[in-house]
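The block underneath contains the structure these notes are about, expressed in structure tokens.
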Amino acid sequence: MERAPERRTATGGPPPRTRESRPRDERGAVAVLVALAFTLFVVLVALVVDIGLARDTRRVSQNAADASALAAANTLYPAAACPTGGAKPCVADAVAAVKSYASVNFNVTNAEWTACSATMPSGYVAMGGTSCIAFDNATAPKKVWVRIPTRNVKTNFAGIIGKSQVAVGSQAEAELGTDVKCSLCFLGPVDAGNADFSVTGGAIAVNGNVDAGPNSIWTSTSNGVVGTVNGGVFNPSPTPISPFGDPLASLALPLSNPLHVNKTGTPCAGGPGIYNNAISLGNNDDCHLLPGLYVIKNTWGIGNNTVIDCPLCIAGAGVTIFVPSPGYLDFKNGFITIKAPTSGAYKDLAIVYARNNTNPISIQGNGATGITGTVYAPSSALDFNGNSCFGFGQGPIVVNGVVKANGNKACIEIDNAKQTTVTRTDLHLSQ
């Protein structure tokens, strides 16, 4: 087949190309696409940077809310008095704690709190001149709600899309755990042996494990135990409770009074005062105490069938026995009947051991006890082996534990019980 001759112009050159036969020039379109892609990339980077800054600010704000709420809840029921001297709960101090922690952690000013407006949870009461700090109850709060004032975070790049700032806020709620109420309060574990524990009108609480013999009977309005229960007969059944501290940690100990007088001899003859030397009473003695405060800095021991009482403890007058370390009440085989004052500086305090005194309170053998008022020995154990029975009126009784009791009638009995309460337990964030 012959090839068709190539067309030529009159001058002999190739014919000119038509518009359809020329290649397209797309350099302008590519430039537009690159520009659009770069713009989109810049916008995305700007959003990432600005959103990251807002998220960091939100995280710091949330940390401030959490810390402020926990600090406020922790301030409501201190062991000692309220920082400002008012009555518990320390609501004003809790509000101050919120503002202090928010200022330190997020630089929140008083003006921001004044301007802050928020919808509180249902049932909450605003405090501190702002709806952004609230409590679930005005007189006995258990929860604190905090809304950190909203702050506008300026954007550095997102303004190109019309977003010049991002609003950041946070909130938190802190809650105190369930109250622990007790008339017979064991601050540590109890190895009960076969001893019985009976509280009429009050509760028993054990901050630890309970080990009891098969004949150990526990009777009260409630038997709260932090740890495990091994043995014993309980009425009602043991209830798990949160760990708790000393309910009388804020109690001012009697020895703080500088007006006490040093005494010699025995409290039976010397009357109220400070006894630095050891005291020993013989068998079958009668020791009649006068109303007042007795500070026992050494061992006070008694013989068999010795009677200690206070015939004149009437009309508000009573006996308070304070035992600093290394003092020790060794009332074995005796009959002890005393009543605490019902008024004055030592109202309701019958026997008080210093907080660092680890010696037991001993009433053993075949003796009997009738003590009306508070017995407070937070580092000590009740020692009542044999057939002894601690008989108390009112209470509360706050001790570390018991010396294992295996007698046939070893018991602790509290009538007309007064309860004490540990409010601060299991502090946690609930939101």
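The values are calculated or read from the model by the stated rules, or taken from the named source; none is laboratory data. Everything numeric in this text was worked out from a predicted model, so none of it was measured. Don't worry about glycine lacking a Cβ; one is built from the backbone with ideal geometry, like all the others, and counts go over all protein chains shown.
Given the conditions (1) more than 22 Å from D196 (Cβ to Cβ); (2) buried (at least 21 other Cβ atoms within 10 Å of the Cβ); (3) in contact with a Gly (Cβ under 7 Å, 6 or more places away or on another chain), and given that Q394 satisfies all but one, which numbered condition is not satisfied?
For Q394, the exception is condition (1).
Within the stretch 325-389, which strands (runs of 3 or more DSSP E) (wholly inside it) include 3 or more residues that are over 21 Å from G303 (Cα atoms)?
Values: elements: 328-330, 335-339, 349-353, 368-372, 374-383.
Fully inside the stretch 325-389 and qualifying: 349-353, 374-383.
Considering only residues of the stretch 258-272 that are assigned to a helix (DSSP H, G or I) and surrounded by 13 or more Cβ atoms within 10 Å (Cβ to Cβ), which is nearest to the chain's Cα centre (by Cα)?
Initially, the stretch 258-272 is screened for residues assigned to a helix (DSSP H, G or I), giving 267-270.
Cutting the leftovers down to surrounded by 13 or more Cβ atoms within 10 Å (Cβ to Cβ) gives us 267-268, 270.
Details: P267: 40, C268: 43, G270: 43 Å.
By that ranking, first place goes to P267.
Mind checking which residues of the stretch 188-209 are under 20 Å from V422 (Cα atoms) and crowded, with 24+ Cβ neighbours inside 10 Å?
Selection gives V190, V199, G202, I204, A205, V206, N207.
Which of the numbered conditions does T264 fail, given that it passes all the others? Conditions: (1) over 22 Å from V422 (Cα atoms); (2) in contact (Cβ under 8 Å) with a residue 24 or more places away in the chain.
(2)
Criterion first (without any contact (Cβ under 8 Å) to a residue 60 or more places away in the chain and crowded, with 21+ Cβ neighbours inside 10 Å) does I314 satisfy it?
no
Could we say that V166 is at pLDDT below 90 and touching an Asp or Glu at 6+ places or on another chain (Cβ under 9 Å) here?
Yes: the conditions hold for V166.
Within the stretch 56-87, count every residue that is among the charged types (D, E, K, R) and in contact (Cβ under 8 Å) with a residue 40 or more places away in the chain. Don't jump to the end; show me each part of the working.
Taking the stretch 56-87 and keeping what is among the charged types (D, E, K, R), we get 56, 58-59, 66.
If we keep only those that are in contact (Cβ under 8 Å) with a residue 40 or more places away in the chain too, we end up with 58, 66.
The number of residues fulfilling the criteria is 2.
Among the residues of the stretch 345-357, is there at least one that is touching a Cys at 6+ places or on another chain (Cβ under 7 Å), more than 27 Å from G208 (Cα to Cα) and of a type outside the set (D, E, K, R)? I'd like the intermediate steps shown before the answer.
Filtering the stretch 345-357 down to residues touching a Cys at 6+ places or on another chain (Cβ under 7 Å) leaves none.
No, that holds for no residue.
Does P311 fit the bill of being within 35 Å of the chain's Cα centre (by Cα), assigned to a loop (DSSP other than H, G, I, E, B) and not polar (S, T, N, Q)?
In short, no.
Can you tell me which residues in the stretch 273-289 are assigned to a loop (DSSP other than H, G, I, E, B) and in contact with a strand residue (DSSP E or B) (Cβ under 8 Å, 6 or more places away or on another chain)?
N276, A278, L281, D285, L289
Would you point out the residue of the stretch 54-73, among those that are farther than 16 Å from N107 by Cβ and at pLDDT below 90, that is surrounded by the most Cβ atoms within 10 Å (Cβ to Cβ)?
Looking at residues that are farther than 16 Å from N107 by Cβ and at pLDDT below 90, I get A54.
Could you give every pair whose Cβ atoms fall below 6 Å, whose first residue belongs to the stretch 231-251 and is assigned by TED's automatic domain parsing to the domain that holds N209, and whose second residue is of a type in the set (G, A, S) and in a loop (DSSP other than H, G, I, E, B), counting only separations of at least 6 or pairs across chains?
Final answer for the pair search is G231/G213; G232/S216; T239/S222; S242/G177; A249/A79; S250/A79; S250/A80.
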